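Engineer: Provided herewith is a single structure, encoded as C-alpha cells, for subsequent inquiry.
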Amino acid sequence: MILRILEEKIKSRLFKGKAVLVLGPRQSGKSTLVSTILQGQEYLSLNGDEAAVREALSNTSVAELERIIGRHKLVLIDEAQRIPDIGLTLKLITDQLKNVQVIATGSSAFELSARVNEPLTGRKYEYKLYPLSYGEMVGYHGYLKEKQLLETRLIYGYYPEIVTHPGEEKELLKLLAESYLYKDLLSLEQIQKPALLEKLLRALALQIGSEVSYHELAQLTGANKQTVEKYIDLLEKAFVIIVLPAYSGNIRNEIKKGKKIYFLDCGIRNAVIRNFQPLSARTDTGALWENFVIVERIKFLYQSGIDAKQYFWRTTQQQEIDLIEEHEAGVLHAFECKWSAASKARFPSTFTDQYHPISKQVITPENVKDFLM
C-alpha cells in the first residue's frame, strides 16, 4: 500500500475535541486514507451521496444524532458537502457528543468549506488530500524507479487509480476527467453553461505555463470577463486548477496583475486536450514539466507544513522567472524549470539586483528529488 504523508498527522488529531475535515478532489484517495487510519477500529460510516443519509443528517437534533450514532465513538461522513447544513450538524456532534470523533470528507472545497467554516470556527482540523505526490511515490518504490517513471507522470499524472493500473491509463483518465470535472462542478448553481466550462477548460489546458488574460479567454470562449473569472475561481476551489499570481514590488515595468494557471494533475490536463502522446512527439514538454514541478512543490510545502507564498515573475520586456517563493520575513527564492539539464536558464539581473533572492536554482529531472522531498 502507498503510504500517504497525511496519515500520521490526521491520526495525531483524533479525539482532541475537534472535527477532522479531509478535503480533496474525487478519487484522490480520501476514503482509502480514512479507512486506513480507522483500520481495526469500530466506526460508523455514512455517505452523503445517499439520500437517506442526507435527510437524516440535515436539520437534525442532538437526540436524533444520538440515535443515529448509537454507541459508536468514531463516525466517518463521506461526501459531506452533499448534506444541507452539514456544518451545524458537525458542530452539534463536536459540542454535544464529547466522546464522539467525527471525520468528514468532501470533494469540493467550495461547497464544504462554505458550509462548515462559520459553524465550526475553532472546532475543526482541516486537511487537503491531493492526488499522490512525487515524495509519496519515492517512499513507495524508491527514487530510481520514480525517476524512470517521470515521463509517465507528465503524461498520465498521479491519481491513485491511474498509478495503480498501468496499461489502463488512457481509458481511466477519460472516465475520471469526465466524472470529476463535471459531476461536482455542474452540480453547482453557479455553473449555468456546461459548454462554456468545457471550452474554458480546453483553453486553459492549452495555455499552461503561459500568462493568461481573462479578457482574451472571454473572447475565445464567447463569454464575458466576469463569467470567466467566476468559473476559474470555481475550478480552483474544486481542485481542478491552481492559479499562480504575478510577483511585483518596485520595478516599474513588472506585470502586476498577471496570472498563470496550472492543472492540479498533468493527466487530467492531457485528458482535457485528448493528448497522451509520448514526450518525443509533443511540443508542450517544457510546459508539462513546469506544471509538474510547480504543483508537486505545492504538495511538498503543504505536506511539510512550510508556509510560503508562490508567484511567477515577468516584465513587459518578456523577462521572466517560472517560480518565486516568498518565505518568512520576505525571504525570496527563485526557480526555473527545465526538462533538459543541458538547457540554459538565466535569472534576469533586473530581478536579482532589485530583490536579492537568497537562492537561484534550475530544476531538472536530475535534481528534482531535492526540490520535492
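The values are calculated or read from the model by the stated rules, or taken from the named source; none is laboratory data. It should be emphasised that the depicted structure is a prediction, and the values quoted were computed from it without experimental measurement. In this analysis, Cβ positions are derived from the backbone assuming ideal geometry, glycine residues included, and neighbour counts consider all displayed protein chains.
Engineer: Can you tell me how many residues within segment 304-321 are touching a residue at least 40 places away in the same chain (Cβ under 8 Å) and either crowded, with 20+ Cβ neighbours inside 10 Å or closer than 22 Å to residue 252 by Cβ (or both)?
Structural biologist: Number of matching residues: 7.
Engineer: Still on this model: I'd like the full set of residues that are small (Gly, Ala, Ser) and exposed (fewer than 15 other Cβ atoms within 10 Å of the Cβ), limited to segment 51-64.
Structural biologist: Passing the criteria: 51, 52, 61, 63.
Engineer: Does segment 198-212 hold any residues that are in contact with a strand residue (DSSP E or B) (Cβ under 9 Å, 6 or more places away or on another chain) and either surrounded by 15 or more Cβ atoms within 10 Å (Cβ to Cβ) or over 20 Å from residue 256 (Cβ atoms) (or both), and which are they?
Structural biologist: Of everything in segment 198-212, those that are in contact with a strand residue (DSSP E or B) (Cβ under 9 Å, 6 or more places away or on another chain) and either surrounded by 15 or more Cβ atoms within 10 Å (Cβ to Cβ) or over 20 Å from residue 256 (Cβ atoms) (or both) turn out to be 201, 203, 204, 205, 207, 208, 209, 211, 212.
Engineer: Let me ask something else about it. Could you pull out the residue among 16, 30, 11 that is charged (D, E, K, R), within 26 Å of residue 159 (Cα to Cα) and loosely packed, with under 14 Cβ neighbours inside 10 Å?
Structural biologist: Step by step, each of 16, 30, 11 is checked, and only 11 is charged (D, E, K, R), within 26 Å of residue 159 (Cα to Cα) and loosely packed, with under 14 Cβ neighbours inside 10 Å.
Engineer: While we're here: Looking only at segment 309-367, which residues are within 19 Å of residue 258 (Cα to Cα), under 23 Å from the mean Cα position of the chain (by Cα) and charged (D, E, K, R)?
Structural biologist: 309, 322, 325, 326, 336, listed by residue number.
Engineer: Do we have any residue at all in segment 39-50 that's at positive phi, without any contact (Cβ under 8 Å) to a residue 24 or more places away in the chain, exposed (fewer than 15 other Cβ atoms within 10 Å of the Cβ) and not hydrophobic (A, V, I, L, M, F, W, C)?
Structural biologist: Within segment 39-50 (the criterion being at positive phi, without any contact (Cβ under 8 Å) to a residue 24 or more places away in the chain, exposed (fewer than 15 other Cβ atoms within 10 Å of the Cβ) and not hydrophobic (A, V, I, L, M, F, W, C)), the answer is yes, since at least one residue qualifies.
Engineer: Report yes if residue 28 is among the polar types (S, T, N, Q), more than 22 Å from residue 121 (Cβ to Cβ) and modelled with pLDDT under 95, otherwise no.
Structural biologist: Answer is yes for this residue.
Engineer: Do any helices (runs of 4 or more DSSP H) lying entirely in segment 190-304 carry at least 3 residues that are within 19 Å of the chain's Cα centre (by Cα), and which ones are they?
Structural biologist: Here the list reads 194-205, 225-237, 266-273, 285-304.
Engineer: Residue 152 - would you say it is assigned by TED's automatic domain parsing to the domain that holds residue 288, surrounded by fewer than 16 Cβ atoms within 10 Å (Cβ to Cβ) and modelled with pLDDT of 95 or more?
Structural biologist: No.
Engineer: Of the residues 126, 136, 151, only one is in contact with a helix residue (DSSP H, G or I) (Cβ under 6 Å, 6 or more places away or on another chain) and touching a residue at least 40 places away in the same chain (Cβ under 8 Å); which?
Structural biologist: From the options 126, 136, 151, the qualifying one is 151.
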